[in-house]
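See below for the structure under consideration.
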């Protein structure tokens with residue numbers, strides 16, 4: 001099963017305090033203006049919120065996204081970069097949260113945005 005269904009729960013679904021990312025990856029788009037964020041989450045009993053933020057090497061936030069009560073175990077989002085600088089280092093942070101528990105898991109990674117491949 002690839003998504004949460006309250007009437008047919010996954011037998012391996014975890015309670016909110018035990019929900020974790022399985023993986024978080026970043027794939028820059030060839031245009032150098034967007035990045036694809038691929039996330040996989042272990043099955044959950046209650047849909048978590050997801051917060052994703054992208055900052056530059058100086059710690060300034062470039063863009064962010066918030067997903068409220070996510071129902072997918074695997075999801076892909078596209079972040080549009082307001083001021084992308086090619087061949088620059090970026091830092092992505094993804095958080096799983098619940099309103100009553102706060103952040104329950106956080107994954108961070110650093111990547112370099114390659115120069116645009118478009119002509």
Tell me the label-point distance for the pair residue 71, residue 36, using the 7 Å Cα-to-Cβ offset, in nm and rounded to one decimal. 2.4 nm
Per-residue counts of other Cβ atoms within 10 Å, averaged by peptide: what ranking do you get for 2-13, 46-57, 104-115, 18-29, highest first? 46-57, 18-29, 104-115, 2-13
Relative contact order (%) - criterion: Cα under 8 Å, at least six apart; region: the chain: 29 percent
Kindly state, as a whole number, the per residue volume in cubic angstrom of the convex hull around the alpha carbon atoms of segment 12-67. 99 Å³
Equivalent ellipsoid dimensions for segment 47-113 as semi-axes, Å, which come from the Cα gyration tensor, largest first: 24, 12, 10
Report, in cubic angstrom per residue, the convex hull volume of the C-alpha atoms of the chain. 100 Å³
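Laboratory data are not the source of any read-out in this text; all were calculated from the coordinates shown. This structure is a prediction, so every number in the text was calculated from the model and none was measured. With ideal geometry, Cβ positions are generated from the backbone for all residues, glycine too; neighbour counts draw on all protein chains shown.
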